[in-house]
Structures are given as structure tokens and as C-alpha cells.
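> Before I ask anything, let me first share the structure, which is written out below as C-alpha cells.
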Amino acid sequence: MSLPFDLIDGTLHAEHVSLADLAERFGTPLYVYSRAALEGSYGAYAKACEGRRASVHVAVKANSNLAVLNVFARAGAGFDIVSAGELERALKAGASPAKIVFSGVGKTADEMRTALRIGVKCFNVESIPELDRLNATAGELGLRAPVSLRVNPNVDPKTHPYISTGLKSSKFGVAYDEARATYRSAAQMAHLEVVGIDCHIGSQITEISPYLDAVDKLLELVEQVEADGATIRHIDVGGGLGIRYNDETLPDIGVFVRAILDRIDTRGHGHREVLFEPGRSLVGNAGVLLTRVEYLKPGEVKNFAIVDAAMNDLARPAMYQAYHAIDPVSPRTMSPKVYDIVGPVCESGDWLGRDRSLALEPGDLLAVRSAGAYGFVMSSNYNTRPRAAEIMVDGHQAHVVRARETVEQLLAGETILPA
């Protein structure tokens with residue numbers, strides 16, 4: 001079988017389905033995912049965990065489409081959620097509550113009640129006020145909440161500052177120097193049960209060494225916490241492994257997982273369960289965004305290819321100045337020109353790619369690569385633009401896993417003032 005998103009007979013395909021045919025059938029902008037790619041990336045994590053006390057909990061925030069989550073649930077995955085809405089999605093996709101970890105810095109009491117009643121595996125708690133709220137909420141229900149503290153190890157993940165979450169300046173987690181005392185407080189709360197320790201140092205991390213530094217600091221803390229009388233059953237090392245968007249050099253998933261598990265074993269903690277929370281590395285390169293060229297606009301300084309996808313469809317370039325490879329679905333043999341690929345939204349920040357050498361004509365179809373993570377899930381209706389449809393390709397079959405929105409749906413919940 002060809003690789004997902006490869007050229008076959010001169011046209012890009014998702015597995016065995018032509019992207020040109022999908023655009024013709026379902027319109028553009030259009031998100032397309034490959035089931036084989038999803039299963040392949042999850043399988044790499046699962047295989048590396050075989051024979052070890054380790055489990056994989058998919059970060060729902062990276063791509064929350066029900067069909068995508070269901071592929072992982074069928075494979076036996078757990079899930080990492082950050083809201084009651086994501087909890088509902090995970091359950092609807094077939095997740096076991098006992099495999100769901102509830103993360104996030106701002107959980108409400110209502111969200112806590114919902115998760116407590118359902119019986120999630122663990123709450124990753126990020127502050128003493130959150131501990132107090134969770135203890136009170138569990139007490140109201142006559143329950144004990146399983147908790148893990150998200151500890152901020154102050155490790156530099158060497159990534160974009162917006163997705164670096166483990167430094168002292170981050171809003172996330174409990175400061176490392178305060179964590180031991182915070183665990184003592186948690187252990188004294190009647191309606192909490194300390195079960196684990198957690199960290200998440202950032203996203204799009206391309207080296208293993210920051211993870212190993214964070215693990216070393218976590219294990220030191222585990223030994224201190226257990227000396228104080230608590231029991232740490234699991235170590236949650238978070239997610240954040242990057243993908244190749246352009247020319248990044250990345251560790252193999254299996255090498256990455258085994259390096260962390262080996263470090264934990266070497267330090268004498270192999271009896272504890274280890275949780276991984278991958279997101280981007282599972283779904284990022286399993287999806288593309290298809291967009292059609294509406295106009296070619298030559299300029300004095302820049303040439304612009306104006307396409308029908310925009311920053312509301314894919315926010316990462318505008319938000320992070322992120323690079324996504326952009327390829328013609330049916331490459332032309334004519335001489336290329338250098339274009340900025342821009343959308344129709346009324347913002348100068350509405351661009352998908354800058355200074356791309358492409359041979360283009362109006363009407364051509366482009367595939368924005370690596371769009372499976374933080375793509376549709378971050379999209380909006382800015383400029384009253386309905387969100388794109390989502391398609392899942394499975395071999396020779398294409399399934400609509402989210403229908404395209406309509407303007408009528410966008411307006412349905414609004415009213416004008418009475419006369």
C-alpha cells in the first residue's frame with residue numbers, strides 16, 4: 001500500500017483515494033485524515049509500551065473529531081482531557097472512564113462533579129485552590145477523588161514560547177519547590193486520594209533530553225513524597241513530542257518511549273505505571289487541509305495566491321508563525337513563481353504559507369500538510385465562515401466524519417431585539 005498522502009499517477013492521494021476526487025465530491029476547504037496513519041502512529045507508542053507498566057492516553061485537544069478518537073479507542077487507548085466537553089467526546093467515542101485523565105488549569109466545580117460521577121482515572125491538579133475545590137466537591141458527593149499533581153519542573157523544552165509549559169513563568173502546574181508541601185496538604189484532605197505525579201513541559205519538542213531532565217526531577221520528588229507517607233502509583237510524563245513540519249530532525253517514537261521507560265527503570269521506579277499523553281505526534285501528519293486557489297494576484301513586492309481556506313480554518317500560521325508544507329494536489333510542469341498563500345479573511349495575519357515556490361493556475365487544488373493536529377479543532381467562524389467538513393479515508397473508502405457547517409446553522413441560535 002502507498003503511504004498516506006503520496007503521489008499516485010501524478011495526483012496526491014490519501015491512502016488509495018484521490019484528494020482531487022474528495023475535493024470535487026465534498027468541496028473545499030476540506031480536512032482529510034488517514035486511518036492508516038492514525039493507527040500507525042498509535043501502534044508505534046503501543047508497541048514500545050509492550051511488556052512494560054505503561055499506557056497511552058491520547059490528548060483530545062489535538063484533534064477531537066469523534067471518528068479520530070474512536071480509532072484510538074478501538075485500539076485500546078486511554079484519553080487525556082481538559083474540559084467536560086472533551087470528556088463527553090471521549091465517552092461518545094468509546095473511551096473507558098477508568099482510562100481518562102482530567103487535566104487543565106481551570107476546572108470548574110460542575111466539571112469536577114461530572115468527572116467524579118463518571119469515575120475518571122485521575123485528576124491532574126495544578127494549584128492548591130484547585131485541590132481545595134476538588135476536595136470540597138468530592139465531599140459533597142460522598143466520594144474520594146484520585147489526584148496527581150502537575151509539577152512544573154522548570155525544564156526548557158526548546159520550543160515556541162506559546163507552547164512551552166514547564167518553565168517558572170508558565171501558568172501551568174505547581175512550582176517544583178512547592179510541590180512536596182502541596183502533596184502533604186493533599187494527603188491531609190479527607191476527600192482526596194494521592195495516586196500519581198504529572199508533568200507536561202511543552203509541545204513540538206524535538207529532543208529526548210528535556211524529557212529525561214524532567215523525569216529525573218520528578219523521580220527525586222517521588223522519593224521525597226513517599227518519604228512523607230504518600231504512595232505514588234503512577235508517573236505521568238505528559239505529551240509534547242513533535243512532528244516533522246519542514247526540516248526538523250525527530251526521535252523515533254519507539255526510541256523516545258523506551259528512553260523514558262529505561263530511565264525510570266534504571267532509577268529504581270519500574271514498578272510504577274507510566275502514562276504517556278501524546279497528541280500532535282499521533283494525529284499531526286495524519287491529516288491535510290485541502291484548499292482551492294481562487295485568484296493569483298501579482299504585486300510589486302509579493303505575489304499572492306488567494307485561496308478559499310483562511311486563518312479561521314487553520315490558525316497555527318497566524319498564531320505561531322507556524323510552517324506547514326503546501327503541495328499542489330496535481331503538480332504542473334510549468335515554471336514556478338514565489339507566492340504567499342493567503343486566505344480571504346480581512347486580516348493581514350491571514351496567511352497559510354509565505355514565500356512558497358509553486359507552479360499555479362486559478363482553480364488549482366493545494367494540500368496543506370501536517371494539519372491533523374490543532375487544525376480543525378482550533379478553527380472558528382470568524383467572518384461568519386462555516387467550518388470545513390472532515391473526511392476519514394480508510395483504504396479505498398472515504399467517510400464524512402463531520403458535515404460542512406452552513407450559514408443557517410451559524411445564525412440559528414441568534415435573535416434580534418423585539419420591535
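> Here are some residues: G363, G413, G375, G395. Which one is in contact with a Leu (Cβ under 9 Å, 6 or more places away or on another chain) and not hydroxyl-bearing (S, T, Y)?
So the residue among G363, G413, G375, G395 that is in contact with a Leu (Cβ under 9 Å, 6 or more places away or on another chain) and not hydroxyl-bearing (S, T, Y) is G375.
> Right, here's the next one. Looking at segment 13-28, I want the residues that are free of Cβ contacts under 8 Å to residues at least 24 places away in the same chain and over 14 Å from V400 (Cα atoms) and have a partner that is assigned to a loop (DSSP other than H, G, I, E, B) and not acidic (D, E) with Cβ atoms under 8 Å, at least 6 apart or on another chain. Which pairs are those?
Hits for this filter: H13/S2; H13/F5.
> Right, next: Out of everything in segment 63-74 that is within 15 Å of E277 (Cα to Cα) and free of Cβ contacts under 8 Å to residues at least 40 places away in the same chain, what residue ends up being farthest from the chain's Cα centre (by Cα)?
Ranking the qualifying residues of segment 63-74, first place goes to A73.
> How about segment 205-248: which of its residues are among the small types (G, A, S) and not in a helix (DSSP H, G or I)? So that I can check it myself, show each step before the final result.
Going residue by residue through segment 205-248, those that are among the small types (G, A, S) are 209, 214, 227, 229-230, 238-240, 242.
Hits for segment 205-248 are G229, A230, G238, G239, G240, G242.
> Just one of G85, G43, G76 is surrounded by fewer than 21 Cβ atoms within 10 Å (Cβ to Cβ), not assigned by TED's automatic domain parsing to the domain that holds R385 and not in a helix (DSSP H, G or I); which is it?
Working: G85 fails: not in a helix (DSSP H, G or I); G43 fails: not in a helix (DSSP H, G or I).
Every option except G76 fails the conditions.
> Between a first residue in segment 233-255 that is at pLDDT 95 or above and a second residue that is surrounded by fewer than 23 Cβ atoms within 10 Å (Cβ to Cβ) and of a type in the set (G, A, S), which pairs have beta carbons less than 6 Å apart while being 6 or more apart in sequence or on different chains?
Taking only residues 6 or more apart or on different chains, the pairs are I253/A44; G254/A44; G254/A48.
> Another question, then. Here is a list of conditions, (1) in a strand (DSSP E or B); (2) in contact (Cβ under 8 Å) with a residue 60 or more places away in the chain, and I306 meets all of them except one; can you say which number that is?
(2)
> Out of all the residues in segment 16-29, is one or more among the polar types (S, T, N, Q), surrounded by fewer than 21 Cβ atoms within 10 Å (Cβ to Cβ) and either in contact with a Pro (Cβ under 9 Å, 6 or more places away or on another chain) or not in a loop (DSSP other than H, G, I, E, B) (or both)?
Yes; the residues of segment 16-29 include at least one that is among the polar types (S, T, N, Q), surrounded by fewer than 21 Cβ atoms within 10 Å (Cβ to Cβ) and either in contact with a Pro (Cβ under 9 Å, 6 or more places away or on another chain) or not in a loop (DSSP other than H, G, I, E, B) (or both).
> Please enumerate the residues belonging to segment 94-151 that are under 20 Å from the mean Cα position of the chain (by Cα), assigned to a helix (DSSP H, G or I) and among the aliphatic types (A, V, I, L, M).
Those that are under 20 Å from the mean Cα position of the chain (by Cα), assigned to a helix (DSSP H, G or I) and among the aliphatic types (A, V, I, L, M): none in segment 94-151.
Table: residues versus (1) of a type in the set (S, T, N, Q); (2) part of a loop (DSSP other than H, G, I, E, B); (3) not assigned by TED's automatic domain parsing to the domain that holds V17.
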{"site": "S370", "(1), (2), (3)": "yes, yes, no"}
{"site": "Y374", "(1), (2), (3)": "no, yes, no"}
{"site": "P386", "(1), (2), (3)": "no, yes, no"}
{"site": "I391", "(1), (2), (3)": "no, no, no"}
{"site": "A398", "(1), (2), (3)": "no, no, no"}
{"site": "V401", "(1), (2), (3)": "no, no, no"}
{"site": "R404", "(1), (2), (3)": "no, yes, no"}
{"site": "I416", "(1), (2), (3)": "no, yes, yes"}
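> Evaluate the following for S370: is it small (G, A, S), modelled with pLDDT of 95 or more and farther than 24 Å from R280 by Cβ?
No, not satisfied.
> Can you pull out the residues in segment 377-390 that are surrounded by fewer than 24 Cβ atoms within 10 Å (Cβ to Cβ) and touching a residue at least 40 places away in the same chain (Cβ under 8 Å)?
Scanning segment 377-390 gives V377, M378, S379, S380, N381, Y382, N383, R385, R387, A389.
> In segment 105-147, which residue that is under 21 Å from L69 (Cα atoms) and either outside the structural domain of Y176 (by TED's automatic domain parsing) or of a type in the set (A, V, I, L, M) (or both) is surrounded by the fewest Cβ atoms within 10 Å (Cβ to Cβ)?
The qualifying residue surrounded by the fewest Cβ atoms within 10 Å (Cβ to Cβ) is I118.
> Any residue at all in segment 355-364 that's crowded, with 22+ Cβ neighbours inside 10 Å, in the same structural domain as M311 (by TED's automatic domain parsing) and in a strand (DSSP E or B)?
Scanning segment 355-364 turns up no residue that is crowded, with 22+ Cβ neighbours inside 10 Å, in the same structural domain as M311 (by TED's automatic domain parsing) and in a strand (DSSP E or B).
The values are calculated or read from the model by the stated rules, or taken from the named source; none is laboratory data. The structure displayed is predicted, hence computed values, not measured ones. Don't worry about glycine lacking a Cβ; one is built from the backbone with ideal geometry, like all the others, and counts go over all protein chains shown.
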